[in-house]
Amino acid sequence: MTQITVDASLLARLHGLAEPLVFCDERGQVLGRFVPDTIQPTADDLEPGISYEELRRRSETFQGRPLSELLAEWEKRK
């Protein structure tokens, strides 16, 4: 992982790292999100963002492949 040292000038532009930040490029496309270590997540932050009914529906309709098949395909690509 890359480590970046934040000087006082950048720290000021980042609002003192007192709240979560969203980093965007010049076009407004989201590059990533940053949550300072000083902020503890709440239960709402840990929710999946979709309903349990939708999670259940997805798990019931999922049609995966056996692990042995996936591993065999992966071995062929090496």
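Within segment 23-72, being part of a loop (DSSP other than H, G, I, E, B) and of a type in the set (A, V, I, L, M, F, W, C) holds for V35, I39, A43, I50, F62.
For first residues located in segment 7-28 and without any contact (Cβ under 8 Å) to a residue 60 or more places away in the chain, partners that are aliphatic (A, V, I, L, M) and surrounded by 10 or more Cβ atoms within 10 Å (Cβ to Cβ) and lie 6+ apart or on another chain with Cβ distances below 6 Å form the pairs P20/V35. The requirement of being of a type in the set (S, T, N, Q) and over 22 Å from the mean Cα position of the chain (by Cα) is satisfied by T61. F23 versus (1) at pLDDT 85 or above; (2) touching a Pro at 6+ places or on another chain (Cβ under 9 Å): which is the lone unmet condition? It fails just one condition, (2).
The values are calculated or read from the model by the stated rules, or taken from the named source; none is laboratory data. A quick note: this is a predicted structure, and the numbers were derived from the prediction, not measured. No Cβ is skipped: glycine too gets one built from the backbone with ideal geometry, and neighbour counts run over all protein chains shown.
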